[in-house]
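A.B. asks: Could you have a look at this structure, given as structure tokens, before my questions?
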Amino acid sequence: MFRQFLAIALVACLALQASALPTITVKGAKFFAGGQQYFLKGVAYQGTPADPLVDTKQCQLDAKSMQSIGTNSIRVYHVDPNADHYGCMSAFSDAGIYIWLDLDTFDTQIEQASPTWTKEQFSAFAKVMDEFQQYDNLGGFWIGNEVINNLGGSPSAPYIKAAVADMKSYLSAKGYRQIPIGYSAADIAELRPMLQNYLACGEAADSIDFFGLNSYEWCGDATYDTSGYAGLQAMAVGYNLPIFFSETGCNVGGERTFNDQKAIFGPKMIDTWSGSIIYEWVQETNDYGIVDYPDGEIYSGAPIPIQPDFNNLANVWKDINPVGVSEGSYSPTLSPPACPGASGGWTVNGNVPLPRLDPSIIKSVAAEPPAEKQPSASKDTPSSTVETTATASTSPSINTPTSTGASPAATTSNSAATALTATSFGGWIKHVDNLGGHGGMIGLLIVSVSLVLIVGSFLS
């Protein structure tokens, strides 16, 4: 009898472990997950400045709806690192969805006008990293979003790169897995391709791991050539890191057909680009959302599709299933670009010294104990009980995309982020839950086997 209990427990634990999403890694210019190339089919998921990853039931509702249209990634701009995110991260993991998360907040972001990189900023970034590194479906971190948002912003670039370098050092000091760290850029024609090249040049320890571009050039009946995508492709060819559209989905010029997705995942771009993130999930007054909520209150229940946008995107993505290459068969050959010299609007002359923090600061912050977590809302709501109306078969604004050289004049303000008593045994299980990732699975195995031993001792 005891052997039967033990076998059942082990099988259950192994099944749970097998169902976890594989972590995303970077090799050369491509993402990989579970040995196969990974492409993003994502949506931006933040309609208010509040942390969207704390209400488990709401996350379950949204994740189910996103899954119905083929979403495999979401972008989240700001979170509260002191909150408990287990429920929401699990909900999205169950739906096969990765999270791409900004490390900054409105209070800690690097400012273009007066850039700084301080111990206070670093410590705040570190708290976000500490909280989310445990989750296997954390795809990557953003060091910033559109820090440089106009032609005169290039002097802040070394601060972006310093933040990347110090956060990589912190990640290593803590012994975390090699989570990719990238940057999301405004599409400023005059700074192409200098910014993307600057952030990738030099030593890997100082450089981004991936580059995201917020671009709204493909509008209405545009084509690959008339939209400006041909130019973007020309500047991305030969880039040594994964590059993808971190915001896209112009809503000017007629119905949103999302035909740019066919180009991004088509033969002209698929070998260079790693997918895209549609702006955005939540409907606001800027009219970019593809779902609304009951009574118009954001995150207030089952998402309601906004048509035809919701089904248009679902239908486009339905026919997009890129395979790419296997990790084992891929041998990167691209080298980092040369650090650009000062020219035109770009004023950073080559590989200049970075305003990094003293290594002792990184060491001291890495030695600090983890912060206490607040319980998440409806953490114990089982996902199997969730119903949602927003699936592909069902028929004042905070976030507005930044305008670009080829973008419609209507999109002129800043981007999405800048405008926005248990028993001792039960307590042990809760602690294991909070470990998440592989640590959580190992802990769950220990708990389950221990339970079997206890039961077995009574039965023997």
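The values are calculated or read from the model by the stated rules, or taken from the named source; none is laboratory data. All values derive from a computational prediction rather than experimental measurement. Positions of Cβ are backbone-derived with ideal geometry, glycine not excepted, and every protein chain shown enters the neighbour counts.
A.B. asks: Among the residues that make up segment 84-94, is at least one of them at pLDDT below 95 and either over 17 Å from residue 47 (Cβ atoms) or of a type in the set (Phe, Trp, Tyr) (or both)?
C.D. replies: Initially, segment 84-94 is screened for residues at pLDDT below 95, giving none.
Taking every residue of segment 84-94 in turn, none turns out to be at pLDDT below 95 and either over 17 Å from residue 47 (Cβ atoms) or of a type in the set (Phe, Trp, Tyr) (or both).
A.B. asks: Which of the residues that make up segment 157-176 are touching a helix residue (DSSP H, G or I) at 6+ places or on another chain (Cβ under 8 Å) and more than 30 Å from residue 347 (Cα to Cα)?
C.D. replies: 171, 173, 174, 176
A.B. asks: How many residues does segment 280-320 hold that are under 13 Å from residue 259 (Cα atoms), of a type outside the set (S, T, N, Q) and surrounded by fewer than 18 Cβ atoms within 10 Å (Cβ to Cβ)?
C.D. replies: 3
A.B. asks: Still on this model: Need the failing condition index for residue 176 against (1) of a type outside the set (Asp, Glu); (2) closer than 19 Å to residue 24 by Cβ; (3) in contact with a Leu (Cβ under 9 Å, 6 or more places away or on another chain), just the number.
C.D. replies: (3)
A.B. asks: While we're on this one: Look at residue 141 and say whether it is over 17 Å from residue 71 (Cα atoms), under 16 Å from the mean Cα position of the chain (by Cα), part of a strand (DSSP E or B) and modelled with pLDDT of 95 or more. Lay out the reasoning, then the answer.
C.D. replies: Values: over 17 Å from residue 71 (Cα atoms): yes; under 16 Å from the mean Cα position of the chain (by Cα): yes; part of a strand (DSSP E or B): yes; modelled with pLDDT of 95 or more: yes.
For residue 141, the condition - over 17 Å from residue 71 (Cα atoms), under 16 Å from the mean Cα position of the chain (by Cα), part of a strand (DSSP E or B) and modelled with pLDDT of 95 or more - is met.
A.B. asks: Any chance segment 205-220 includes a residue that's buried (at least 22 other Cβ atoms within 10 Å of the Cβ), in contact with a strand residue (DSSP E or B) (Cβ under 6 Å, 6 or more places away or on another chain) and more than 26 Å from residue 155 (Cβ to Cβ)?
C.D. replies: No; the residues of segment 205-220 include none that is buried (at least 22 other Cβ atoms within 10 Å of the Cβ), in contact with a strand residue (DSSP E or B) (Cβ under 6 Å, 6 or more places away or on another chain) and more than 26 Å from residue 155 (Cβ to Cβ).
A.B. asks: Kindly provide the set of residues from segment 238-255 that are more than 28 Å from residue 333 (Cβ to Cβ) and surrounded by fewer than 22 Cβ atoms within 10 Å (Cβ to Cβ), ordered by number.
C.D. replies: Answer for segment 238-255, where residues must be more than 28 Å from residue 333 (Cβ to Cβ) and surrounded by fewer than 22 Cβ atoms within 10 Å (Cβ to Cβ): 251, 252, 253, 254, 255.
A.B. asks: Within segment 265-275, can one find any residue that is surrounded by 14 or more Cβ atoms within 10 Å (Cβ to Cβ) and at pLDDT below 95?
C.D. replies: no
A.B. asks: Can you spot a residue in segment 93-109 that is over 18 Å from residue 157 (Cα atoms), touching a strand residue (DSSP E or B) at 6+ places or on another chain (Cβ under 7 Å) and either part of a helix (DSSP H, G or I) or among the small types (Gly, Ala, Ser) (or both)?
C.D. replies: no
A.B. asks: Residue 343: modelled with pLDDT under 95 and of a type outside the set (Asp, Glu), yes or no? So that I can check it myself, show each step before the final result.
C.D. replies: On the way: modelled with pLDDT under 95: yes; of a type outside the set (Asp, Glu): yes.
When the stated conditions are applied, residue 343 passes them.
A.B. asks: With the structure loaded, tell me whether residue 146 is surrounded by fewer than 24 Cβ atoms within 10 Å (Cβ to Cβ) and acidic (Asp, Glu) or whether it fails that test. Before you say what the answer is, go through the steps one by one.
C.D. replies: Details: surrounded by fewer than 24 Cβ atoms within 10 Å (Cβ to Cβ): no; acidic (Asp, Glu): yes.
Answer is no for this residue.
A.B. asks: Of the residues that make up segment 71-82, is at least one surrounded by fewer than 22 Cβ atoms within 10 Å (Cβ to Cβ), over 30 Å from residue 237 (Cβ atoms), touching a Lys or Arg at 6+ places or on another chain (Cβ under 8 Å) and modelled with pLDDT of 95 or more?
C.D. replies: yes
A.B. asks: Let me ask you something else. Filter segment 132-143 for residues that are surrounded by fewer than 24 Cβ atoms within 10 Å (Cβ to Cβ) and either charged (D, E, K, R) or in contact with a helix residue (DSSP H, G or I) (Cβ under 6 Å, 6 or more places away or on another chain) (or both) and give the result.
C.D. replies: Answer for segment 132-143, where residues must be surrounded by fewer than 24 Cβ atoms within 10 Å (Cβ to Cβ) and either charged (D, E, K, R) or in contact with a helix residue (DSSP H, G or I) (Cβ under 6 Å, 6 or more places away or on another chain) (or both): 134, 136.
A.B. asks: With the structure loaded, tell me whether residue 27 is buried (at least 19 other Cβ atoms within 10 Å of the Cβ) and charged (D, E, K, R) or whether it fails that test.
C.D. replies: Working: buried (at least 19 other Cβ atoms within 10 Å of the Cβ): no; charged (D, E, K, R): yes.
Judged against the criteria, residue 27 is not a match.
A.B. asks: With respect to residue 377, is the statement that it is at pLDDT 95 or above and among the small types (Gly, Ala, Ser) true? Spell out how you get there, then give the answer.
C.D. replies: On the way: at pLDDT 95 or above: no; among the small types (Gly, Ala, Ser): yes.
The answer is no for residue 377.
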